[in-house]
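**Q** Handing you a structure now.
What follows draws every value from the coordinates through simple rules; no lab data is involved. Not measured: the values here are computed from a predicted model. No Cβ is skipped: glycine too gets one built from the backbone with ideal geometry, and neighbour counts run over all protein chains shown.
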Amino acid sequence: MYYFDNAATTAIKPKIIAEKMAEALCSGIYGNPSRGAHEFSLNSFKKVYEARSKISEFFGGGGPDRVAFSYNVTTALNLIIKGILDPKDHVIITSTEHNSVLRPLSQMAGWGVDIDVVRTTGDQALIDYNQLEDLIRPNTRMIIANHSSNVTGNLLDIDRIGRICKDCDILLTVDAAQTAGVIPIDMKKSHIDILAFTGHKSLFGPQGIGGVIINPSIDIYPIITGGTGIDTFNTHQPETMPTILESGTINTHGIIGLLAGIEYIEERGIKKLRDYQLELSQRFYDGIKDLEELRFYGDYTGDRTAIVAFNIGDVPSSDVASILDERYKIAVRGGAHCAPLLHEDLGTVEQGIVRFSFSSMNTKDEIDYAIKAITELAKMV
Amino acid sequence: MKKFGLVVFDSTHSAIAAETLAKGSGLSCRLIGTPGSIVAGCGLSLRFELEELQILKDLLSDKNIPYKGIYKGKRRNLQAEYIKIDWR
């Protein structure tokens with residue numbers, strides 16, 4: 001089995017993550033955080049606080065209390081989009097956005113939020129930042145930027161967008177689904193107001209844990225309310241972060257796994273892990289780039305994540321993915337990638353795109369096997 | 001030229017329920033990504049042997065598993081064509 005679908009989730013994790021989670025589950029010492037003051041509850045509360053502190057430090061956030069946990073990045077983005085935007089606000093996005101942004105925004109459009117989209121151009125799927133600036137209006141409240149496209153692997157220039165937002169007093173929300181854990185992110189340096197992340201991809205945590213970091217002074221309305229363990233007799237949700245966004249029992253064991261993932265990355269060095277991933281994806285790209293039957297999507301000369309996206313002739317990408325699975329035991333993603341606007345830009349609504357996405361858990365031998373497989377398939381067109 | 005059948009579903013849960021049912025009844029089948037030429041977007045379809053078409057249809061009907069349509073497919077190398085043979 002060869003796993004090259006790491007942009008969907010990292011199926012192969014460093015063993016320490018499972019060990020830390022199993023240790024926590026077997027220990028019998030972790031109660032419900034922030035529910036009671038006994039030792040079990042406090043053990044969880046302290047562990048979760050340790051994770052908040054680590055996450056804030058890892059992303060250059062404004063402190064542990066600014067980190068709220070969620071199920072995943074989609075939930076985090078819903079909390080932000082629906083909790084911050086008001087009718088008549090204007091929002092700018094790019095066509096690289098995932099449905100985790102597009103669908104909540106479509107709902108908000110029904111409530112009177114105006115949306116402008118900067119489209120990509122060419123197979124390289126490049127963004128014109130001047131066009132983004134030209135779209136700014138007096139009522140532009142937020143720019144939502146997909147740090148890296150889950151289809152092409154292209155990185156957006158977050159520093160540049162951050163400067164634009166700062167100059168124009170616009171909130172910058174960054175969707176770091178594809179980059180958290182592999183590209184260093186510093187919210188302060190890049191002028192990011194809100195960062196949404198997921199734990200189960202490059203941070204190597206388990207599925208079901210993600211979160212959002214929100215800078216101080218941003219007002220947010222909680223779209224989910226309920227028990228918080230504090231202020232019981234208040235009929236309204238407490239307004240302090242992170243409690244305002246965390247109703248119900250949070251995923252302590254998932255958070256322990258996520259913390260172990262971040263510690264693993266820090267120990268190995270994020271740059272070293274990234275360099276290795278990029279070496280693998282470059283090796284794969286170099287091994288297949290001269291095959292005439294292949295058409296590539298994305299900019300392979302610029303900053304990027306370890307994704308190689310292409311089609312073979314006019315063969316439906318889902319067929320290629322099925323054949324790779326059945327004949328070569330290679331797991332990749334075909335079809336559409338929950339990024340409908342980018343597929344429109346690239347003209348791949350029907351064909352979809354074959355996406356190989358690598359992680360630092362892959363090996364060079366695996367890459368060479370994948371090159372051989374694609375070379376054989378290209379000859380069959 | 002390889003010929004096969006394909007059931008396309010509205011929901012991935014129906015697809016998995018159908019595969020579990022069909023495999024449990026000894027049919028030879030496999031879940032694959034729905035070809036974009038049939039439905040653009042993501043989704044799962046169940047590929048099966050055409051000789052087992054009627055048995056599979058009866059199973060789906062007995063257990064009330066909804067599907068969008070059934071297709072006959074033929075593949076030569078990487079190229080595949082689909083013709084719809086049943087509607088729901």
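**Q** Calculate the translational D of chain A in whole µm² s⁻¹ from Stokes-Einstein, where the hydrodynamic radius comes from the Kirkwood formula applied to all Cα pairs, the temperature is 20 °C and the viscosity 1.002 mPa s. Mind dumping the intermediate values first?
**A** Details: Rh = 21.6 Å.
Rounded, D is 99 µm²/s.
**Q** What spacing in nm lies between the two simple spin-label points modelled at A:K329 and A:K46, each 7 Å away from Cα in the Cβ direction?
**A** 4.6
**Q** Grab the beta carbon distance between A:T235 and A:A11, set R0 = 45 Å, and tell me the FRET efficiency rounded to 0.05.
**A** 0.50
**Q** By how many degrees, 0 to 90 and rounded to 10, does the Cα axis of helix A:317-328 deviate from the longest principal axis of chain A?
**A** The two axes meet at around 80 degrees.
**Q** While we're looking at this one, here's another question. Report the local net charge at A:G153: Lys and Arg +1, Asp and Glu -1, summed over other residues whose C-beta lies under 14 Å from its C-beta.
**A** Numbers: positive: A:K201, A:R274, A:R304, A:R333, A:R355; negative: A:D5, A:D123, A:D299, A:D303.
Surrounding charge for A:G153 is +1.
**Q** Please find, in a Gaussian network model of chain A (springs between Cα atoms separated by less than 10 Å), the residue of A:C26, A:C338, A:C165 whose mean-square fluctuation is greatest.
**A** A:C26
**Q** Modelled label-to-label distance, A:D186 and B:S61, 7 Å Cα→beta-carbon offset: nm?
**A** With each label placed 7 Å out from Cα toward Cβ, I get 6.8 nm.
**Q** Starting at the first residue of the stretch A:283-289, write each ³J(HN,Hα) from the Karplus equation 6.51 cos²θ - 1.76 cosθ + 1.60 with θ = phi - 60°, in whole Hz, x for Gly and Pro.
**A** 4, 5, 4, 4, x, 10, 5
**Q** Determine ³J(HN,Hα), in whole Hz, for all residues of the stretch A:32-37 in sequence, where each value follows from phi through the Karplus function 6.51 cos²θ - 1.76 cosθ + 1.60 and θ = phi - 60°; x replaces Gly and Pro.
**A** 8, x, 6, 10, x, 10
**Q** At 7 Å along Cα-to-Cβ for each site, give me the label-to-label distance between B:I16 and A:Q207 in nm.
**A** Between B:I16 and A:Q207, the label points sit 0.8 nm apart.
**Q** Here is a follow-up. Note the full-extension length gain between A:I223 and A:R137 as 0.36 nm times their separation in residues minus their Cα-Cα distance, in nm to one decimal.
**A** Values: separation 86, 0.36 × 86 = 30.96 nm, distance 2.70 nm.
Working it through step by step, the gained length comes to 28.3 nm.
**Q** What shape does the stretch A:251-348 take by its C-alpha gyration tensor, where a ≥ b ≥ c are the square roots of the eigenvalues and a/c under 1.5 counts as rounded, a/b above b/c as prolate, and the rest as oblate?
**A** Working: a/c = 1.98, a/b = 1.63, b/c = 1.21.
Here the stretch A:251-348 falls in the prolate category.
**Q** With r defined as the distance between the Cβ atoms of A:C168 and B:M1 and R0 fixed at 45 Å, what FRET efficiency is calculated, to the nearest 0.05?
**A** Values: r = 60 Å, r/R0 = 1.34.
Given R0 = 45 Å and the Cβ-Cβ separation, E is 0.15.
**Q** If R0 is 56 Å, what FRET efficiency do you get for B:N77 and A:A37 from their C-beta distance, rounded to 0.05? Display every interim value, and only then the final one.
**A** On the way: r = 68 Å, r/R0 = 1.21.
Approximately 0.25, to the nearest 0.05.
**Q** Taking a cut-off of 19 Å between Cα atoms, list the lysines near B:K63, but don't count ones fewer than 8 places away on the same chain.
**A** B:K23
**Q** Right, next: Checking the cross-link filter: which aspartates and glutamates have an alpha carbon closer than 19 Å to that of B:K74, excluding same-chain neighbours under 8 positions apart?
**A** Once the sequence-local aspartates and glutamates are set aside, what remains near B:K74 is A:D314, A:D319, A:D325, A:E326, A:E350, B:E49, B:E51, B:E52, B:D86.
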